[in-house]
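Notes to accompany the following structure.
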Amino acid sequence: MGVEVLSTDAMSGASDALLTVTDLRTHFHVGEHVVKAVDGVSLTVHKGKTLGIVGESGSGKTVLSRSIMGINTAPNIETSGSVTYNGTELVGSSRSTMRKLWGAEMSMVFQDPMTSLNPVVKVGRQVTEHLRSHQGVSKSEARQAAIELLKWVRIPEPEKRLENYPHQMSGGMRQRVCIAIALACGPKLLFADEPTTALDVTVQHQILNLLSQQQRERDMAMVLVTHDLGVVATRTDEIAVMYAGRVVEQASTSTLFDDMRHPYTQSLFWSIPKTSEPKHTRLSAIVGRPPNLAALPPGCSFAARCPYAQDVCREQAPELQPTEDPSHLFACHLPVGSDEGRRALEVNVQLGLPQAKSAALRATVAGGGR
Amino acid sequence: MLKVVVARLVRLVGTLFAVTFLTFGMTALLPGDPVNAILGVETVRDPAVIAEIRADLGLDNPFIVRYFSWLGDAFTGDLGKSWITDQQVMETITQRLPVTAELAFLSIILALIFAIPIGVLGAYKQGKWQDNASSAGVQVALSVPNFIVGIFLIWLFAVKLGWLPASNWSRPSTDGIWANLKTAIMPASALAMTQMAIFSRLIRSDMVSTLQENYILAARSKGLSDRFILFRHALRPSSLSVMTIVGINFGALLGGTVIIETLFAIPGVGFRLINAISQRDIIVIQGITVFIATVYVVINTIVDLLYAVVDPRIRRR
């Protein structure tokens with residue numbers, strides 16, 4: 001993957017980049033192995049815009065968002081590359097510099113609201129303790145702010161809820177509390193790391209809508225991390241698709257859905273259940289499992305599961321390259337929609353590869369998945 | 001909450017039955033006739049005198065009869081009179097228990113004052129030199145017997161520096177709190193040493209696992225200071241094990257500070273208990289044991305109730 005800045009500035013103007021990530025690498029040293037959880041990722045987040053990061057479990061998206069914020073703690077972690085926030089370099093900067101940004105300028109909503117709230121601390125204190133430490137507001141002001149915040153995230157009877165402990169609330173309520181915590185200091189950048197994965201389906205939409213609404217009202221930038229391409233479809237301006245620690249395709253949301261190039265993006269797209277399909281249609285799962293990040297294959301890391309993969313894919317890792325549209329990047333030798341890609345799929349169908357057969361079937365039913 | 005207390009009281013009664021019965025049984029099994037102890041070695045062994053004393057003490061009755069007659073009296077608060085000194089057992093306890101209790105309490109407080117920062121630091125700097133140094137220190141503290149610590153303290157602070165009295169006990173009621181603390185601080189420190197080591201280890205290991213919780217990462221991502229996270233977020237959920245051991249140790253200290261009490265000539269419960277045992281003064285042994293058992297169970301009940309204060313999730317159960 002290239003070291004040069006792969007920005008999408010051309011689309012929205014260079015001046016409004018809030019966060020620029022360049023060739024970020026996060027490697028975990030486990031025994032003799034190096035687990036490359038994030039391996040050369042470059043991204044730009046623009047002021048007030050939403051970037052979706054999509055990928056399976058284990059694709060490195062959670063580690064990526066934590067690396068950008070710099071909140072990984074384990075001693076065996078090595079982070080390199082560059083993250084600039086509003087012109088400030090974050091990689092390698094001191095704890096005290098980071099602490100001033102955390103919670104105040106950038107904040108995070110975690111995946112599991114059941115474990116991300118302290119079970120022995122009252123909700124009221126958890127919502128405002130960082131407001132007090134960052135802005136030095138008094139106890140009574142903090143209480144007022146907490147009530148306001150809980151109202152914003154639509155928690156009924158906020159005065160009463162302040163005195164609650166987390167276990168006295170439902171999962172959806174707790175995630176609302178987590179959002180209130182993240183919003184408390186008015187951050188300019190919000191990371192939402194699979195904010196709805198641990199919640200009921202009915203609650204998921206409420207939480208996502210709440211996040212989008214707050215993001216718009218506050219003109220806040222958001223990084224929405226999810227495994228569900230369906231979630232980001234209507235809620236993001238741009239999408240980066242991650243696989244095995246790398247970005248494999250990146251584009252504005254509409255471009256990505258109209259003109260997806262990477263077979264992995266296509267597979268993710270196909271695995272969204274669609275109501276237009278007849279009942280009992282078999283869900284299309286991606287064959288196999290993500291590769292071991294401690295022992296990545298020499299070529300494209302998706303090759304083993306890809307319906308299109310040929311020898312070139314197994315031998316040579318594809319670089320992230322632009323399409324005709326400079327803001328649309330993908331890393332594939334035999335992209336979806338190309339003649340080479342079509343021929344490769346035919347070859348693999350002949351060879352009897354299961355993923356190729358289902359992809360070919362899918363392509364005839366859905367018209368190419370594009 | 002009320003249900004818990006009632007259940008605890010029922011358990012207390014059961015425990016006391018078992019404790020009193022067992023102690024009574026043990027003392028009955030002790031070799032040597034208590035009458036010998038009362039009369040002393042020099043006395044002429046006149047069978048008539050011995051028989052009279054036996055009858056007087058009720059020693060001729062069967063074991064069960066003696067047990068229940070003692071138990072009946074104990075229920076009315078009468079733990080009997082010493083066969084040797086003629087002192088009421090209840091009086092002995094009210095005189096001596098405050099001394100031992102103060103010692104136990106002081107030593108636990110001292111131990112916690114040092115154990116909490118050491119344990120927290122060890123967990124925070126896990127695997128770094130601070131952690132290794134405190135582990136090594138704790139290992140030393142654990143392996144030195146408390147009377148050795150006591151002797152060292154006497155040598156240093158009483159003999160060499162002359163800051164503190166080497167032994168004896170000043171009661172706060174007669175000599176004032178300051179004089180009292182001056183006599184209490186050395187024995188309490190000697191007792192605190194091992195406990196400090198144990199407490200700090202427990203806090204460290206609980207804290208290590210607490211620090212891996214998601215809510216600690218979430219607290220970090222809010223930009224809170226490490227100190228705030230350690231003491232205001234992580235310490236409470238990491239204190240359940242240490243609370244249990246504090247409760248158990250407090251009970252154990254009430255009955256078992258014999259060596260330190262002897263070393264510092266402190267008129268505590270343990271000192272008296274050892275005397276009573278060597279004199280076959282069964283009534284005193286019995287009374288003190290029951291009293292300690294009661295306090296022990298009460299303390300452990302308080303600890304159980306404190307769990308709910310520390311961790312609100314327990315309150316619902």
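The values are calculated or read from the model by the stated rules, or taken from the named source; none is laboratory data. Computed from a predicted model, the values in this text were never measured in an experiment. Quick reminder, even Gly has a Cβ in these numbers, built from the backbone with ideal geometry, and neighbours come from all protein chains shown.
Residue check: is B:ASN249 assigned to a helix (DSSP H, G or I) and over 16 Å from B:ALA111 (Cα atoms)?
No: the conditions fail for B:ASN249.
Condition (residue is within 19 Å of A:LEU229 (Cα to Cα) and either out of contact with any Phe, Trp or Tyr (no Cβ under 6 Å at 6 or more places or on another chain) or modelled with pLDDT of 90 or more (or both)) applied to segment A:308-323: is it met by at least one residue?
Pass one, segment A:308-323, residues within 19 Å of A:LEU229 (Cα to Cα): none.
Among the residues of segment A:308-323, not one is within 19 Å of A:LEU229 (Cα to Cα) and either out of contact with any Phe, Trp or Tyr (no Cβ under 6 Å at 6 or more places or on another chain) or modelled with pLDDT of 90 or more (or both), which makes the answer no.
May I ask you to say which residue of B:LEU164, B:LEU153 is surrounded by 15 or more Cβ atoms within 10 Å (Cβ to Cβ) and more than 23 Å from B:ASN249 (Cβ to Cβ)?
B:LEU164
If you take the residues in segment B:61-80 that are part of a helix (DSSP H, G or I) and hydroxyl-bearing (Ser, Thr, Tyr), which one is surrounded by the most Cβ atoms within 10 Å (Cβ to Cβ)?
Within segment B:61-80, the first condition is being part of a helix (DSSP H, G or I), and the residues that meet it are B:63-75.
Those still in the list that are hydroxyl-bearing (Ser, Thr, Tyr) too: B:67, B:69.
Working: B:TYR67: 18, B:SER69: 13.
Selected residue: B:TYR67.
What do you reckon, is B:ILE108 assigned to a helix (DSSP H, G or I) and surrounded by fewer than 12 Cβ atoms within 10 Å (Cβ to Cβ)? I'd like the intermediate steps shown before the answer.
Values: assigned to a helix (DSSP H, G or I): yes; surrounded by fewer than 12 Cβ atoms within 10 Å (Cβ to Cβ): no.
No.
What's the total number of residues in segment B:268-289 that are touching a strand residue (DSSP E or B) at 6+ places or on another chain (Cβ under 8 Å) and modelled with pLDDT of 85 or more?
So the count comes out to 0.
Those residues that are under 21 Å from B:TYR67 (Cβ atoms) and more than 15 Å from the chain's Cα centre (by Cα), I need them from segment B:269-288; list them, please.
If the condition is that a residue be under 21 Å from B:TYR67 (Cβ atoms) and more than 15 Å from the chain's Cα centre (by Cα), then B:ALA276, B:ILE277, B:GLN279, B:ARG280, B:ASP281, B:ILE282, B:ILE283, B:VAL284, B:ILE285, B:GLN286, B:GLY287 are the ones that fit.
Answer with yes or no whether B:SER241 is of a type in the set (Gly, Ala, Ser), within 14 Å of chain A (Cβ to nearest Cβ), surrounded by fewer than 16 Cβ atoms within 10 Å (Cβ to Cβ) and not in a loop (DSSP other than H, G, I, E, B). Reasoning before the result, please.
Details: of a type in the set (Gly, Ala, Ser): yes; within 14 Å of chain A (Cβ to nearest Cβ): no; surrounded by fewer than 16 Cβ atoms within 10 Å (Cβ to Cβ): yes; not in a loop (DSSP other than H, G, I, E, B): yes.
It is false that B:SER241 is of a type in the set (Gly, Ala, Ser), within 14 Å of chain A (Cβ to nearest Cβ), surrounded by fewer than 16 Cβ atoms within 10 Å (Cβ to Cβ) and not in a loop (DSSP other than H, G, I, E, B).
Quick check on B:LEU153: is it under 23 Å from the mean Cα position of the chain (by Cα), more than 30 Å from B:GLN95 (Cβ to Cβ) and in contact (Cβ under 8 Å) with a residue 24 or more places away in the chain?
For B:LEU153, the condition - under 23 Å from the mean Cα position of the chain (by Cα), more than 30 Å from B:GLN95 (Cβ to Cβ) and in contact (Cβ under 8 Å) with a residue 24 or more places away in the chain - is not met.
Given the options A:VAL177, A:VAL137, name the one that is hydrophobic (A, V, I, L, M, F, W, C), closer than 23 Å to B:ILE229 by Cα and surrounded by fewer than 19 Cβ atoms within 10 Å (Cβ to Cβ).
Going through A:VAL177, A:VAL137 in turn, just one is hydrophobic (A, V, I, L, M, F, W, C), closer than 23 Å to B:ILE229 by Cα and surrounded by fewer than 19 Cβ atoms within 10 Å (Cβ to Cβ): A:VAL137.
Among the listed residues A:ARG235, A:ARG218, identify the single one that is in contact with a Gly (Cβ under 8 Å, 6 or more places away or on another chain), over 30 Å from B:PRO312 (Cβ atoms) and free of Cβ contacts under 8 Å to residues at least 60 places away in the same chain.
Testing whether each residue is in contact with a Gly (Cβ under 8 Å, 6 or more places away or on another chain), over 30 Å from B:PRO312 (Cβ atoms) and free of Cβ contacts under 8 Å to residues at least 60 places away in the same chain leaves just A:ARG218.
Give segment B:121-150 a look and list any residue that's in contact with a Leu (Cβ under 7 Å, 6 or more places away or on another chain) and aliphatic (A, V, I, L, M), or say none.
Within segment B:121-150, just B:ALA123 meets the criteria.
In segment B:214-238, what residues are surrounded by 19 or more Cβ atoms within 10 Å (Cβ to Cβ), more than 26 Å from B:ILE299 (Cα to Cα) and hydroxyl-bearing (Ser, Thr, Tyr)?
The answer is B:TYR215, B:SER221.
Rundown of residues vs (1) among the basic types (Lys, Arg); (2) not in a helix (DSSP H, G or I), yes/no style:
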{"position": "B:ASN168", "(1), (2)": "no, yes"}
{"position": "B:TRP178", "(1), (2)": "no, no"}
{"position": "B:LEU181", "(1), (2)": "no, no"}
{"position": "B:PRO187", "(1), (2)": "no, no"}
{"position": "B:ARG201", "(1), (2)": "yes, no"}
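From the list A:LEU211, A:LEU224, A:LEU189, A:LEU199, which one is surrounded by 18 or more Cβ atoms within 10 Å (Cβ to Cβ) and within 14 Å of chain B (Cβ to nearest Cβ)?
Sole residue among the options that is surrounded by 18 or more Cβ atoms within 10 Å (Cβ to Cβ) and within 14 Å of chain B (Cβ to nearest Cβ): A:LEU189.
Can you run down the residue pairs with Cβ atoms below 7 Å, 6 or more apart or on separate chains, where the first is in segment B:218-230 and at the interface with chain A (Cβ under 7 Å from one of its Cβ atoms) and the partner is assigned to a loop (DSSP other than H, G, I, E, B) and of a type in the set (Phe, Trp, Tyr)?
From residues that are at the interface with chain A (Cβ under 7 Å from one of its Cβ atoms), the pairs are B:ALA218/A:PHE110.
From the residues in segment A:45-69 that are aliphatic (A, V, I, L, M) and within 17 Å of B:ALA218 (Cα to Cα), which one is surrounded by the fewest Cβ atoms within 10 Å (Cβ to Cβ)? First the steps, then the outcome.
Kept after step one, since they are aliphatic (A, V, I, L, M), are these residues of segment A:45-69: A:45, A:51, A:53-54, A:63-64, A:68-69.
Now restrict to residues that are within 17 Å of B:ALA218 (Cα to Cα): A:63-64, A:68-69.
Numbers: A:VAL63: 22, A:LEU64: 29, A:ILE68: 27, A:MET69: 24.
Applying the filter and picking the extreme gives A:VAL63.
Do we find that A:LEU131 is closer than 20 Å to A:ARG218 by Cβ, crowded, with 17+ Cβ neighbours inside 10 Å and under 21 Å from the mean Cα position of the chain (by Cα) in this structure?
Considered against the rule, which asks whether it is closer than 20 Å to A:ARG218 by Cβ, crowded, with 17+ Cβ neighbours inside 10 Å and under 21 Å from the mean Cα position of the chain (by Cα), A:LEU131 comes out as no.
Please go through segment B:133-150 and pick out each residue that is in contact (Cβ under 8 Å) with a residue 40 or more places away in the chain, within 22 Å of B:ILE118 (Cβ to Cβ) and under 22 Å from the mean Cα position of the chain (by Cα).
B:VAL138, B:ALA141, B:LEU142, B:VAL144, B:ASN146, B:VAL149, B:GLY150
Taking A:GLY124 and the conditions (1) within 8 Å of another protein chain (Cβ to nearest Cβ); (2) in a helix (DSSP H, G or I); (3) more than 17 Å from B:ASN214 (Cβ to Cβ), which numbered condition does it fall short on, given that it satisfies the others?
Of the numbered conditions (1) within 8 Å of another protein chain (Cβ to nearest Cβ); (2) in a helix (DSSP H, G or I); (3) more than 17 Å from B:ASN214 (Cβ to Cβ), the odd one out for A:GLY124 is (1).
Return a yes/no flag: does segment A:160-182 have any residue that is in contact with a strand residue (DSSP E or B) (Cβ under 9 Å, 6 or more places away or on another chain), within 14 Å of chain B (Cβ to nearest Cβ) and in a loop (DSSP other than H, G, I, E, B).
no
Being within 14 Å of chain A (Cβ to nearest Cβ) and among the hydrophobic types (A, V, I, L, M, F, W, C) is the filter here, so list the residues in segment B:180-216 that pass it.
Scanning segment B:180-216 gives B:MET207, B:VAL208, B:LEU211, B:ILE216.
Per-residue answers, yes or no, for (1) away from every other protein chain (no Cβ under 13 Å); (2) at pLDDT 95 or above; (3) surrounded by fewer than 16 Cβ atoms within 10 Å (Cβ to Cβ):
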| position | (1), (2), (3) |
| --- | --- |
| A:ILE71 | no, no, no |
| A:THR88 | yes, no, yes |
| A:LYS100 | no, no, yes |
| A:ALA104 | no, no, no |
| A:ASP112 | no, no, no |
| A:PRO119 | no, no, no |
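With respect to A:HIS130, determine if the residue is within 9 Å of another protein chain (Cβ to nearest Cβ), touching a residue at least 40 places away in the same chain (Cβ under 8 Å) and over 21 Å from A:GLN214 (Cα atoms).
no
Within segment B:247-267, is even one residue modelled with pLDDT of 90 or more and within 14 Å of chain A (Cβ to nearest Cβ)?
Looking through segment B:247-267, none of the residues is modelled with pLDDT of 90 or more and within 14 Å of chain A (Cβ to nearest Cβ).
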